[in-house]
Amino acid sequence: MGTLGRICDHPCEQVCKRDEADEPVAVCALKRFVYDACDGGELPEAAERIHKERIAIVGAGPAGLTAAYQLARQGYGVTVYESQSVAGGMLAVGIPEYRLPRDVLNHEVDIVRALGVEILLGTPVGLGDGPGLDELRAKHAAVFLAVGAHRSRRLGVPGEDLKGVAHSTDFLRCLNLKEDVKLGQRVAVIGGGNAAVDAARCALRLGSEVTLVYRRSRVEMPAIAEEVEAAVHEGVRLEFLAAPVRVLGRQGRV
């Protein structure tokens, strides 16, 4: 609940029948309140191992951790293989810490671990020194693939591969993993979704002047409205009904 209460875009509230009486039930805020009120709650005891079969899960993101949690509760042994150095998937490497504090996320990962789930970090499947898929199949009764979607959508315009152009997932991953990130004085962020708004607010925190460029109007932005309002309040400039046709550069750089 700690994670959902902070990052969910709560689509259920948009169609809540309670709105016909006064206002929708604030499900997202209520989840955050309950989690914070009990400081996340105590960790559960290890789940009883009922089945001899062991399950492999590739990916320690939301899908992988949820599957591991449910399988452990049903009495299966579970091993999760994660290529990154942290568990949480895009929650850990795609969402800025100011939106999702890492102590909240880590506590929810610890809940899964407490049930008896083994999480192997820095263990890519099918790459480098990591195990192959055939090896996992041989050692486990079943393999669940929860590798996530860690690739950004490309613009498809000339100059997109110039130095100085970064895709949002790569940019946010570097920041969340505490890698060195250097930006110019002025940054343009292309897009109107949550990743674009997150990237814009992060760039602002790194000291850049930021303009977010979106091809439609503000009301059509798919990003969470509260996040857009926060970005504007912090100083992000919004430019609508505009889209790049090429990225200009010199000597291989923007």
### Message
Taking the criterion of being modelled with pLDDT under 95 and closer than 21 Å to Ala223 by Cβ, would at least one residue in segment 171-178 satisfy it?
### Response
no
#### Entry: Those residues of segment 174-199 which are among the small types (Gly, Ala, Ser) and over 12 Å from Tyr214 (Cα atoms), in sequence order
Gly184, Ala195, Ala199
### Message
Based on this model, can you work out whether Ala46 counts as modelled with pLDDT of 95 or more and either surrounded by 18 or more Cβ atoms within 10 Å (Cβ to Cβ) or closer than 21 Å to Leu91 by Cβ (or both)?
### Response
no
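Per-residue answers, yes or no, for (1) without any contact (Cβ under 8 Å) to a residue 60 or more places away in the chain; (2) touching a Ser or Thr at 6+ places or on another chain (Cβ under 9 Å):
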{"residue": "Glu160", "(1), (2)": "no, no"}
{"residue": "Lys163", "(1), (2)": "no, no"}
{"residue": "Arg173", "(1), (2)": "no, no"}
{"residue": "Asn176", "(1), (2)": "no, no"}
{"residue": "Val181", "(1), (2)": "yes, no"}
{"residue": "Gln185", "(1), (2)": "yes, yes"}
{"residue": "Ala188", "(1), (2)": "yes, yes"}
{"residue": "Gly191", "(1), (2)": "yes, yes"}
{"residue": "Asn194", "(1), (2)": "no, no"}
### Message
Within segment 147-164, does at least one residue satisfy the condition of being touching a Lys or Arg at 6+ places or on another chain (Cβ under 9 Å), under 30 Å from Ala68 (Cβ atoms) and not assigned by TED's automatic domain parsing to the domain that holds Gln74?
### Response
yes
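Table: residues versus (1) more than 17 Å from Glu118 (Cβ to Cβ); (2) without any contact (Cβ under 8 Å) to a residue 40 or more places away in the chain; (3) aromatic (Phe, Trp, Tyr).
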{"residue": "Glu13", "(1), (2), (3)": "yes, yes, no"}
{"residue": "Cys28", "(1), (2), (3)": "yes, yes, no"}
{"residue": "Val34", "(1), (2), (3)": "yes, yes, no"}
{"residue": "Glu48", "(1), (2), (3)": "no, yes, no"}
{"residue": "Arg54", "(1), (2), (3)": "no, no, no"}
{"residue": "Val58", "(1), (2), (3)": "no, no, no"}
{"residue": "Leu65", "(1), (2), (3)": "no, no, no"}
### Query
With (1) hydrophobic (A, V, I, L, M, F, W, C); (2) at pLDDT below 95; (3) not assigned by TED's automatic domain parsing to the domain that holds Tyr81 as the list, and Leu127 as the residue in question, which single condition is left unmet?
(3)
### Task
Say whether the condition of being free of Cβ contacts under 8 Å to residues at least 12 places away in the same chain and closer than 27 Å to Thr169 by Cβ is met by at least one residue in segment 73-83.
no
### Message
Given the criterion of a type outside the set (A, V, I, L, M, F, W, C), farther than 16 Å from Ile95 by Cα, touching a helix residue (DSSP H, G or I) at 6+ places or on another chain (Cβ under 7 Å) and loosely packed, with under 13 Cβ neighbours inside 10 Å, identify the matching residue among Glu234, Glu229.
### Response
Glu234
### Query
Which strands (runs of 3 or more DSSP E) does segment 125-242 wholly contain that include 3 or more residues that are more than 28 Å from Pro11 (Cα to Cα) and among the charged types (D, E, K, R)?
none
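The rows are residues; the columns are (1) hydroxyl-bearing (Ser, Thr, Tyr); (2) crowded, with 19+ Cβ neighbours inside 10 Å.
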site: Gln70; (1), (2): no, no
site: Ala87; (1), (2): no, yes
site: Glu97; (1), (2): no, no
site: Gly122; (1), (2): no, no
site: Leu127; (1), (2): no, no
site: Val147; (1), (2): no, no
site: Ser152; (1), (2): yes, no
## Note on the structure
Subset of segment 94-106, residues out of contact with any Leu (no Cβ under 8 Å at 6 or more places or on another chain) and not aromatic (Phe, Trp, Tyr), comes to Glu97, Arg99, Pro101, Arg102, Asp103, Val104, Asn106
### Task
Go through segment 107-128 and give me each residue that's free of Cβ contacts under 8 Å to residues at least 12 places away in the same chain and closer than 13 Å to Ala87 by Cβ.
Arg113
### Task
Would you point out which residue out of Thr79, Thr66, Thr3 is of a type in the set (Ser, Thr, Tyr), in contact with a helix residue (DSSP H, G or I) (Cβ under 9 Å, 6 or more places away or on another chain) and surrounded by fewer than 17 Cβ atoms within 10 Å (Cβ to Cβ)?
Thr66
### Task
Among the residues of segment 50-70, count how many are of a type outside the set (Gly, Ala, Ser) and within 19 Å of Ala138 (Cβ to Cβ).
7
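The values are calculated or read from the model by the stated rules, or taken from the named source; none is laboratory data. Keep in mind that this is a model prediction, so the values were computed, not measured. Glycine also receives a Cβ, built like all others from the backbone with ideal geometry; neighbour counts cover every protein chain displayed.
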